[in-house]
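Notes to accompany the following structure.
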Amino acid sequence: MNDCLFCKIIKGEIPSSKVYEDDSILAFKDINPQAPVHILIIPKEHYDSVDALTEETAPIVGKIMLVAKQLAAEFHLDNGYRLVTNIGENGGQTVKHLHFHLVGGVKLSEKMN
Ligand code: 5GP
Ligand code: ZN
C-alpha cells in the first residue's frame with residue numbers, strides 16, 4: 001500500500017531499527033516505547049488488521065508468534081512479556097497495517113484497558 005507507514009518501513013523508504021527480518025516478516029523497535037522492550041512485528045504483506053485475515057492468510061499470525069517467542073528470548077524477557085494487536089478505532093489502532101506489539105522488560109499493568 002503506497003500511503004501505508006509500515007509498508008514504507010518495509011520498503012526502506014522510512015528508517016527503522018530492525019531486530020528481525022525474513023521473507024514474510026519484519027520486526028523493529030517502536031519509535032515511542034511503552035516499556036524497556038517494545039518491538040513491532042509485522043507481516044511484509046499488507047493487511048489492515050486481524051479483521052482483514054482469511055483462512056488462507058491467517059497462518060502468518062502463527063509465524064509472527066514464533067518470531068515473537070524468539071525475540072523474547074533474545075531480549076531476555078525471561079519473566080514474561082505481552083503480545084498485543086489493536087484493531088480499529090475502539091481498539092486503539094493508529095497504523096492500519098497488521099502489527100503485534102511485543103512488550104516487556106518490566107512488570108506490566110494487569111489492566112487491559
Ligand atoms: P497501534 O496504536 O496502531 O497499535 O500501534 C502503532 C505503533 O506504531 C505505536 O506504538 C507507535 O509508537 C508506532 N509507530 C508509529 N510511527 C512509527 C514509526 O515511524 N516508526 C516506528 N518504529 N514506530 C512507529
Ligand atoms: Zn502496509
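The values are calculated or read from the model by the stated rules, or taken from the named source; none is laboratory data. Quick caveat: nothing in here was measured; it's all calculated off a predicted structure. Cβ: placed from backbone, ideal geometry, glycine included. Neighbour counts: every protein chain shown. Each accessible area value is taken on the protein alone, full model and side chains, heavy atoms only, with ligands, DNA and RNA left out. Shrake-Rupley method; radii C 1.70, N 1.55, O 1.52, S 1.80 Å.
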- Starting from the range 4-21, keep only residues that are under 16 Å from residue 33 (Cα atoms), then list their pairs with residues that are open to solvent by 50 Å² or more (accessible area, probe 1.4 Å) whose Cβ atoms are within a distance under 6 Å, requiring at least 6 positions of separation or different chains. 17/29
- Message: Quick check on my filter: what residues within the range 28-50 are open to solvent by 30 Å² or more (accessible area, probe 1.4 Å) and under 16 Å from residue 70 (Cβ atoms)?
- Response: 29
- Task: Scan the range 87-109 residue by residue and report those that are within 16 Å of ligand 2 (Cβ to nearest atom), open to solvent by 40 Å² or more (accessible area, probe 1.4 Å) and touching a residue at least 24 places away in the same chain (Cβ under 8 Å).
- Result: 87, 96
- Query: Just one of 64, 14, 9 is at pLDDT 95 or above, of a type in the set (Val, Ile, Thr), part of a helix (DSSP H, G or I) and more than 29 Å from residue 110 (Cβ to Cβ); which is it?
  - Reply: 9
- Message: Checking the condition in contact with a strand residue (DSSP E or B) (Cβ under 9 Å, 6 or more places away or on another chain) and part of a helix (DSSP H, G or I), which residue from 35, 27, 72 passes?
- Response: 72
- Query: Of the conditions (1) within 13 Å of ligand 1 (Cβ to nearest atom); (2) in a loop (DSSP other than H, G, I, E, B); (3) closer than 21 Å to residue 18 by Cβ, residue 45 fails just one. Which one is it?
  - Reply: (1)
- Item | Qualifying residues in the range 75-85 (those that are part of a loop (DSSP other than H, G, I, E, B) and closer than 21 Å to residue 18 by Cα) - the one farthest from ligand 1 (Cβ to nearest atom) | 76
- Message: Please pick out the residue among 10, 14, 25 that is within 16 Å of ligand 2 (Cβ to nearest atom) and loosely packed, with under 13 Cβ neighbours inside 10 Å.
- Response: 14
- Item | Verdict on residue 61 being among the hydrophobic types (A, V, I, L, M, F, W, C) and open to solvent by 70 Å² or more (accessible area, probe 1.4 Å) | no
- Take the range 73-86 and flag every residue that is open to solvent by 40 Å² or more (accessible area, probe 1.4 Å) and of a type in the set (A, V, I, L, M, F, W, C). 73, 75, 83, 84
